[in-house]
Amino acid sequence: MDKNARIYVAGHRGLVGSAIVRNLESKGYTNILKPTHAELDLTDEKATDQFFAEHKPEYVFLAAAKVGGIVANNTYPAEFIRDNLAIQTNVIHTAWKHGVTRLLFLGSSCIYPKLAPQPMKEEHLLTGPLEPTNRPYALAKIAGIEMCWSYNRQYGTQYLAAMPTNLYGPGDNYHPENSHVIPALLRKFHEAKHNHQPTVTVWGTGTPKREFLYSDDMADACVYLMNLPQDQYQALLSSDESKTGKFEPPLINVGVGEDISIKELAELIKKVVGYVGTIEFDISKPDGTPRKLMNVSKLLKSGWIARTSLQHGLKIMNEEFMSEKKI
């Protein structure tokens with residue numbers, strides 16, 4: 001990407017989108033398009049088309065999405081599938097209509113089957129049932145991958161889907177009900193410390209294992225992928241299955257390649273926060289998928305590797321939480 005290229009970051013106020021903007025700005029990109037939701041509602045097809053017609057972005061990072069943890073996914077399944085389908089349909093179609101050079105569609109590791117072989121490879125897509133608690137969201141993201149694939153096949157577009165593992169980082173959502181596991185636990189331990197509570201209760205058995213990627217690392221991977229030389233980038237777009245018979249979606253996993261149990265994570269956050277009480281596990285609550293570890297060999301082969309350790313990332317988040325006085 002040329003430093004003066006028109007780059008649209010959809011969802012620039014979100015966890016990943018804001019990190020992508022920071023990364024682009026740090027690398028000297030000067031023409032970043034970042035309309036707010038109030039200025040552009042991506043569920044509105046006409047408004048999306050008008051924006052692309054007026055600003056003519058050359059590159060698009062599609063990080064806009066309705067996201068949340070287990071509670072949010074269980075409570076608002078209709079919104080999760082409806083809003084995400086609308087956003088990605090409008091952006092992907094409009095990007096093609098207005099000649100966008102490259103588009104990077106951001107998904108989630110929940111696109112893979114609940115009991116997928118570990119670590120999960122890109123080829124495991126559509127090989128088994130999904131985790132029920134986030135199936136509406138996962139199906140929307142799978143539809144986005146298929147849409148990128150279909151437009152590449154029919155129109156010769158260059159749309160790549162990047163599937164991040166579980167993300168955390170600066171600007172995360174600390175809502176007590178609608179947040180993901182790391183910010184939710186960070187808040188819980190701070191509240192317990194503040195209120196001198198003797199115990200902190202964590203959902204589930206603590207045995208599921210999860211992989212975590214720092215949001216600034218995810219952003220760096222996104223910008224790296226968007227800047228790959230044409231031959232390398234084209235190789236990631238995979239083949240036309242109708243001609244080759246091979247199931248090779250334009251998909252690449254983004255992660256660190258190692259995981260940690262929820263129990264170990266809780267202990268680590270407890271230590272970072274400085275909480276001295278005990279941890280209890282509520283086994284009546286759902287665990288979600290037993291394990292979600294990404295196979296990142298394709299990404300490593302391209303030349304990128306994550307730099308931020310989980311412990312270091314948690315310390316940064318903890319400092320942010322305390323500085324902004326979230327409780």
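The values are calculated or read from the model by the stated rules, or taken from the named source; none is laboratory data. Source: prediction; values computed, not measured. FYI the Cβ positions are ideal-geometry reconstructions off the backbone, even for glycines, and counts take in every protein chain you see.
Taken over the range 191-219, the criterion of being surrounded by fewer than 20 Cβ atoms within 10 Å (Cβ to Cβ), over 24 Å from the mean Cα position of the chain (by Cα) and either part of a helix (DSSP H, G or I) or at negative phi (or both) is satisfied by E191, K193, H194, N195, Q197, P198, T199, T201, T205.
For a quick check of your reading of the model, give me the residue pairs whose first member lies in the range 295-308 and is under 22 Å from G169 (Cα atoms), whose second is crowded, with 18+ Cβ neighbours inside 10 Å and among the basic types (K, R), with beta-carbon atoms closer than 9 Å and at least 6 apart or on different chains. Note: pairs meeting the criteria are N295/K121.
With respect to K263, determine if the residue is part of a helix (DSSP H, G or I) and either among the hydroxyl-bearing types (S, T, Y) or surrounded by 14 or more Cβ atoms within 10 Å (Cβ to Cβ) (or both).
Working: part of a helix (DSSP H, G or I): yes; either among the hydroxyl-bearing types (S, T, Y) or surrounded by 14 or more Cβ atoms within 10 Å (Cβ to Cβ) (or both): yes.
Answer is yes for this residue.
State whether one or more residues within the range 220-243 are surrounded by fewer than 21 Cβ atoms within 10 Å (Cβ to Cβ), of a type in the set (S, T, N, Q), in contact with a His (Cβ under 9 Å, 6 or more places away or on another chain) and not in a helix (DSSP H, G or I). No - not one qualifying residue is present in the range 220-243.
Taking the residues in the range 54-73 that are out of contact with any Lys or Arg (no Cβ under 6 Å at 6 or more places or on another chain) and assigned to a strand (DSSP E or B) as candidates, determine which candidate is surrounded by the most Cβ atoms within 10 Å (Cβ to Cβ). So, considering only residues that are out of contact with any Lys or Arg (no Cβ under 6 Å at 6 or more places or on another chain) and assigned to a strand (DSSP E or B), the one surrounded by the most Cβ atoms within 10 Å (Cβ to Cβ) is F61. May I ask you to list the residues in the range 108-147 that are outside any helix (DSSP H, G or I), within 30 Å of E58 (Cβ to Cβ) and at pLDDT 95 or above? Scanning the range 108-147 gives a single hit, L125. Whenever a residue of the range 100-127 is at positive phi, it has no partner that is among the aliphatic types (A, V, I, L, M) lying with C-beta atoms less than 6 angstrom away and at least six residues away or across chains.
Taken as a whole, the range 99-106 holds no residue that is in contact with a strand residue (DSSP E or B) (Cβ under 9 Å, 6 or more places away or on another chain), of a type in the set (F, W, Y), in a loop (DSSP other than H, G, I, E, B) and crowded, with 18+ Cβ neighbours inside 10 Å.
Residues in the range 176-187 include at least one that is of a type in the set (D, E) and modelled with pLDDT under 95.
If only residues of the range 244-256 that are without any contact (Cβ under 8 Å) to a residue 24 or more places away in the chain and not hydroxyl-bearing (S, T, Y) are counted, the one that is surrounded by the most Cβ atoms within 10 Å (Cβ to Cβ) is K246.
If the condition is being free of Cβ contacts under 8 Å to residues at least 40 places away in the same chain and either out of contact with any helix residue (DSSP H, G or I) (no Cβ under 8 Å at 6 or more places or on another chain) or buried (at least 23 other Cβ atoms within 10 Å of the Cβ) (or both), then the range 136-163 contributes A138, S150, Q154, G156.
Could you check, for the range 266-279, whether at least one of its residues is more than 21 Å from C148 (Cβ to Cβ), surrounded by 17 or more Cβ atoms within 10 Å (Cβ to Cβ), touching a Leu at 6+ places or on another chain (Cβ under 9 Å) and not aliphatic (A, V, I, L, M)? Yes: the range 266-279 contains one or more residues that are more than 21 Å from C148 (Cβ to Cβ), surrounded by 17 or more Cβ atoms within 10 Å (Cβ to Cβ), touching a Leu at 6+ places or on another chain (Cβ under 9 Å) and not aliphatic (A, V, I, L, M). Take N173 and tell me if it is assigned to a helix (DSSP H, G or I), modelled with pLDDT under 95 and not basic (K, R). When the stated conditions are applied, N173 does not pass them. Scanning the range 280-296 for residues that are under 20 Å from K121 (Cβ atoms) and surrounded by 15 or more Cβ atoms within 10 Å (Cβ to Cβ) gives T289, R291, K292, L293, M294, N295, V296.
Would you pick out the residues in the range 210-236 that are touching a helix residue (DSSP H, G or I) at 6+ places or on another chain (Cβ under 6 Å) and either at pLDDT below 95 or of a type outside the set (A, V, I, L, M) (or both)? Scanning the range 210-236 gives F212, Y214, S215, D216, D220, C222. Any idea which residue in the range 179-212 is farthest from N253 (Cα to Cα), counting only those that are β-branched (V, I, T) and in contact with a Ser or Thr (Cβ under 7 Å, 6 or more places away or on another chain)? Across the range 179-212, the extreme among qualifying residues is T199. Out of the range 257-275, which residues are under 14 Å from L186 (Cα atoms) and either touching a Ser or Thr at 6+ places or on another chain (Cβ under 9 Å) or touching a residue at least 12 places away in the same chain (Cβ under 8 Å) (or both)? Matches in the range 257-275: I262, K263, L265, A266, E267, L268, I269, K270, V272, V273, G274, Y275.
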